[in-house]
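Throughout, read-outs are computed from the coordinates displayed, never taken from laboratory work. Everything numeric here is computed off the predicted structure, so don't read it as measured data. With ideal geometry, Cβ positions are generated from the backbone for all residues, glycine too; neighbour counts draw on all protein chains shown.
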Amino acid sequence: MPVDLLTFAENVHDASLEAAKRLRFNKGFHADGALMCSYATLIEHTGGMIELTRARKRTSSTAVFRSMLEAYVDFRNLFQDRKYLNNMLAKFYADRLALLRRAADGGNPYLEDLGNWEGVGKALEMYEAELEGLDAAGFKPLKIWQRFERVGMENEYRAVYSHVSSGAHNDFGALRSRHAVLEQDDYGLHLYKQVELKDFQTELDGAVSYLITTSVMIHDYLKSDAKAQFEAMIVQLEEVRAAYPD
């Protein structure tokens, strides 16, 4: 008899964590380093999803799953083209430049210490030079939809990512779903509304699927003997799914 989804997720997480300890890779970030960091993020996000599911903390799980979906997209991009790291760096430098410029302009108490930092001018010059170099080489910051599009995940962007972003951004539908329970012509305000495992099913299923998929990919790429273990988990996941409540 197949185990339930939460138990299976724990098994996949633990197996991924243990197998990762034996991986050997080129630590250069433009080689395997960034890819491995993305994979490590997927393992940790799965662990976070498991803890939130076990504790039945539904409100927080959507934000974690959204972040995991972005990490999965970045992993796929890096796996197919290591030069994608340059697009990630362009976004990093552009964001840092915007922050440093706001700090240098003054007027924001949260950025006062940064604006008064004696190295702010030199940092601005460095980030500007790095960003200009990447731009000249054809690497620009990518919007989130472009990151999805590069790996053929347009449908996931328009459906899954759009849906979880609504919850992560605290829109009205998310607020009502979390805390309002209709009571005739009124409603009750609920904190930590009672939820069941099936309420986490879609997101936890997605998290487990992403982790299994990337585990097969990374262990195949690095010629690890753990690849077969994760390939078997693809079949096991289908058995778990067959037992989902209607």
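Need one word for the chain: rounded, prolate or oblate. Basis is the Cα gyration tensor (sqrt eigenvalues a ≥ b ≥ c); a/c below 1.5 gives rounded, then a/b vs b/c decides. Oblate, since a/c reaches 1.5 and b/c is not below a/b. Extension gain for the segment Glu125 to Arg96, taken as residue separation times 0.36 nm less the Cα-Cα distance, is 9.3 nm to one decimal. The relative contact order of the chain, computed from alpha carbon pairs under 8 Å that lie at least 6 residues apart in sequence, is 29 percent. Cα centroid separation, region 146-186 to region 8-28: 30 Å.
Loop-located chymotrypsin sites (Phe, Trp or Tyr not before Pro) in region 25-113 (DSSP state other than H, G, I, E, B) with a sparse environment of at most 15 neighbouring Cβ atoms within 10 Å: Phe25.
Taking all Cα pairs closer than 8 Å and separated by 6 or more residues, the relative contact order of region 84-138 comes to 41 percent.
Per-residue extension of 0.36 nm, minus the Cα-Cα distance of Val3 and Asp199, leaves a gain of 68.8 nm for this segment. The relative contact order of region 46-152, computed from alpha carbon pairs under 8 Å that lie at least 6 residues apart in sequence, is 31 percent.
If you run the Gaussian network model on the chain, springs between alpha carbon atoms under 10 Å, then out of Arg147, Arg96, Arg82 the most flexible one is Arg96. Shape class for region 84-138: prolate, because the ratio a/c of the largest to smallest gyration tensor axis (alpha-carbon atoms, square roots of eigenvalues) is 1.5 or more and a/b beats b/c.
For the chain, the 222 nm mean residue ellipticity estimated from helices alone, with every DSSP H stretch of n ≥ 4 adding -39500 (n - 2.57) and the total spread over all residues, rounds to -21500 deg cm²/dmol. Dipole of the chain computed with +1 at Lys/Arg Cβ and -1 at Asp/Glu Cβ about the Cα centre; of Ile50, Ala168, Ala94, farthest Cα towards the positive end is Ala94.
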